[in-house]
Amino acid sequence: MSQLFPINLLTSFPSKGCPTSFFFILFVSILNFPPIYSSASTPFNSSEYVLREVFQHKDQCYKDSFVYVKEAYTSKSSPFVVYSTTKECSTFLNEQDLSERLPSCPSGLIDLEVTPTYVGKSQISYPYANLNISVTAHSPVSTLVFRLQCLHASDGSDVYCSDMKDMYINGVKEWPCRGIHLSTAVHHPAKFSYACFRLTSYSVYAINATVLPQKCRISTIVTSPHLDEIFPPSLVDPSGSENDIDSTDPYWSPMISVDFSEEQAVWIRLGKAPNAECDTMNVHVYQEHDDNKIKFLAALSVKCPEYSIKWDDQEAGTYLLTAYVPIRGCKFFCEPNSRGCKQCLRTHLNLVIWEDRVSMSWRVVKTFHDYGIQIFIVTALLTLILIILFFVGIYIHYRKQKADANRVRQIQLDTFVKAMIVYTDDNEAHTNCVKLLVDNLKHCANCEPIFDLEKLITIEQVVPSRWLIDQLSTLSKFIIVISHCAEKILHAEDSETHRLVQSRPFADLFEPAMNIIIRDITQNPQEARKKYVIVRFGYSPQVPANLAILQLPTFLLPDEFGRLTAFLHDLEYGSNVNITQNISKRRITEWTDAVEHQKTIFNEQEVMNLQRAVPVVFTYKTNEERIAASQRYNLLPPSAEIEEDEEPETSNNEATYMLAPPPVEDDLEAEEEEEDEVSDTIVAFDS
């Protein structure tokens with residue numbers, strides 16, 4: 001009798017040497033014992049943890065079976081019921097109304113084992129073999145039933161394959177059947193075994209084990225060689241001579257059983273006598289074709305004492321399995337005229353697999369192997385079609401982009417934007433072009449341009465520098481106009497020697513404005529590209545390198561006035577977008593004429609910038625004033641500052657400078673300057 005005893009957790013850990021032992025023992029005590037304040041304390045019952053085996057049957061055919069219940073089980077009813085006759089078993093199955101083809105049981109639910117058993121000679125019979133069929137349930141089940149069905153017999157000696165009257169029940173042929181019903185008190189695993197079905201040599205049997213309430217089934221096919229081959233007399237009758245090698249190491253052949261419990265493989269199990277010795281057991285697999293040809297597929301082997309071989313990935317078909325045991329150098333096959341060759345005893349099983357039992361990877365490999373050319377052709381065609389569709393898609397996308405670029409998108413400008421015009425007062429013609437820009441922004445772009453000629457002249461008591469700072473700190477859009485004087489001011493060297501002559505009642509604001517703008521751009525380049533924009537006219541030079549490196553949006557006016565409008569209103573203005581001009585033809589013509597007029601001035605007067613200078617003569621009466629001026633303009637000091645014994649050094653390249661001093665706010669009202677009617681630009685120059 002098998003018993004399971006509980007583990008004493010209190011003695012499973014050391015009582016000293018661990019500081020947490022006391023707390024662990026206290027915790028386990030709380031879990032395993034009732035609280036001390038309980039009014040009725042129940043003593044510990046060890047029978048709740050002990051199992052006892054209760055299977056008892058007068059028929060020795062069931063001797064390998066076992067059923068366990070708790071030691072405390074006291075019910076008078078039996079925890080199991082055995083269907084010990086085919087009639088009882090068949091009646092029970094017929095009442096369940098089961099389908100002829102049940103699904104395979106899941107892995108781990110039950111195990112089906114079939115082994116041969118030798119029955120020696122007696123007064124009433126010769127030696128024979130039985131099948132020991134065992135079904136072990138590892139999970140809760142209610143009923144285990146197995147049935148033995150004869151598939152083939154070599155002669156009429158097999159009682160199960162014959163048409164005997166005893167095989168019929170109520171006029172219906174019923175195959176031998178045994179079963180057991182288990183109550184809920186049974187603990188698992190539980191094993192039901194029957195060892196008294198007769199095993200006839202060379203016969204083929206199918207054994208089907210059915211499980212309830214899962215309503216599933218596992219099946220196996222069994223065959224055996226001749227009785228003397230699976231149970232040699234020297235193995236079952238130890239009275240033979242020990243000096244005879246055939247007695248100590250006889251030749252023998254295994255029983256074959258094929259298990260179909262897995263969906264993607266077949267298990268081949270080999271049975272033998274308990275005391276039969278071996279190193280390996282081998283199985284050769286052949287496939288039979290419709291033209292009666294047999295093709296060798298595989299050679300499987302298992303090392304003793306193992307007895308199971310997994311046969312993976314087999315498609316539906318007819319197969320021949322041949323099992324043998326290489327004993328004392330015997331061979332699977334010997335040529336007819338070969339000498340010294342001993343052929344091993346063999347067991348054959350013809351097997352039909354009705355459906356593919358393969359894995360997905362095997363299906364893929366098999367498909368490529370069988371239809372490789374067709375798959376290659378189809379793949380090539382599909383690849384060609386995909387390539388064609390790819391290029392067609394690219395062409396359609398290109399045409400669509402082109403069509404979208406040419407599509408006019410009507411956008412209503414419903415918001416007004418303030419934008420400051422940052423420019424230089426080169427001359428009257430250039431300023432006129434800037435004025436036309438301001439006028440067109442007002443009437444055609446929903447924009448309020450901040451123009452210094454309007455704001456600083458019309459508004460009284462305005463300090464230009466403060467006004468400039470206010471605009472730079474509050475406005476969100478700025479239009480930088482590039483011209484020839486703007487290029488000079490932005491040039492590092494030219495800005496040191498040239499200064500724009502003041503032709504208005506306030507100093508030119510381009511240079512201080514650009515200093516602040518450039519500093520802002522370098523600190524926030526991404527935001528600056530949405531805030532600042534550069535515009536050029538047809539006569540304007542290219543954007544200076546020190547400004548072009550900032551990568552600000554640049555538009556040519558008046559041709560790209562629409563894109564300038566889109567930028568001011570934060571609309572898309574990329575090169576692939578066609579923005580129509582939101583300005584009348586009359587305004588475009590007037591603006592274009594003004595630009596052409598400025599071009600004409602530059603073409604006719606190549607030295608316009610030099611002629612535009614208005615020399616301003618400053619008189620210094622004292623040596624102190626002359627010394628201060630020489631230090632300010634980096635000129636030679638007056639002779640009074642030179643010691644008498646020193647002679648001034650003169651340059652070989654003497655140059656006379658006529659300078660216009662930088663504008664100073666204190667001098668703007670006091671000084672009167674003459675105005676050139678041709679130009680307003682120029683600065684100090686070489687004469």
May I ask you to sort M420, M164 by Cβ crowding, counting other Cβ atoms within 10 Å and putting the fewest first? M164, M420
Could you please rank L109, L547, placing first whichever residue has the fewest other Cβ atoms within 10 Å of its Cβ? L109, L547
In whole angstrom, note down how far apart the Cα centers of region 143-183 and region 70-124 are. 14 Å
Cβ-Cβ FRET estimate between T474 and A548, R0 fixed at 22 Å, reported to 0.05: 0.20
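For region 308-430, take the alpha-carbon Rg, divide it by the Kirkwood Rh, and send me Rg/Rh.
Values: Rg = 39.6 Å, Rh = 24.6 Å.
Looking at region 308-430, the ratio lands at 1.61.
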With charges only on Cβ, +1 for K and R and -1 for D and E, what is the dipole size of region 225-359 about its Cα centre, in debye, rounded to 20? 400 debye
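Starting with the fewest neighbours, write out D520, D59 ranked by other beta-carbon atoms found within 10 Å of each beta-carbon. Show your work: numbers first, answer last.
Details: D520 17, D59 10.
Taking fewest neighbouring Cβ atoms as first place, the list is D59, D520.
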If each residue of separation counts as 0.36 nm, what is the full-extension length gain between V462 and S99 once their alpha-carbon separation is subtracted? 120.3 nm
Roughly speaking, what is the stretch gain from Y126 to D414, that is 0.36 nm per residue apart minus the C-alpha to C-alpha distance, in nm to one decimal? 92.3 nm
When only alpha-carbon atoms count, how far does region 417-608 stretch along each of its three principal axes, as whole angstroms with the largest first? 43, 42, 37
Assuming R0 = 35 Å, can you tell me the calculated FRET efficiency for the pair L556 and E527, based on Cβ-Cβ distance, to the nearest 0.05? 0.90
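Give, in nm to one decimal, the length gained when the segment between C341 and E428 is fully stretched (0.36 nm per residue of separation minus the Cα-Cα distance).
19.1 nm
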Compactness index (Cα Rg / 2.2 N^0.38 Å), region 151-224: 1.35
What FRET efficiency comes out for the pair W354/W267, r = Cβ-Cβ distance, R0 = 25 Å, nearest 0.05? 0.90
Is there a quick way to get the dipole size of region 417-608? I mean about its Cα centre, with the Cβ of Lys and Arg at +1 and of Asp and Glu at -1; what is the value in debye to the nearest 20? 580 debye
Pseudo-spin-label distance R198 to E71, built 7 Å along Cα→Cβ, given in nm, is 4.6 nm
With label points set 7 Å from each Cα along the Cα-to-Cβ direction at D593 and V172, the distance between them in nm comes to 11.5 nm
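For region 256-316, run through the trypsin sites (Lys or Arg not before Pro) and keep only the ones in DSSP coil with at most 10 other Cβ atoms within 10 Å of their Cβ.
Values: sites: R269, K272, K293, K295, K303, K310; in loops: K272, K293.
In loop regions of region 256-316 (DSSP not H, G, I, E or B), the sparsely surrounded trypsin sites (Lys or Arg not before Pro) are K293.
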With no solvent and one point per C-alpha, what does the Debye sum give as log10 I(q)/I(0) for region 225-359 at q = 0.14, 0.17, 0.22 Å⁻¹? -0.70, -0.95, -1.34
Cα-only Debye scattering, region 83-234: base-10 log of I(q)/I(0) at q = 0.17, 0.19 Å⁻¹: -1.04, -1.23
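Every number here is computed from the coordinates shown, using simple stated rules; none is lab data. Keep in mind it's a predicted model, so treat the numbers as computed, not measured. Backbone-built Cβ (ideal geometry, glycine too); neighbour counts: all protein chains shown.
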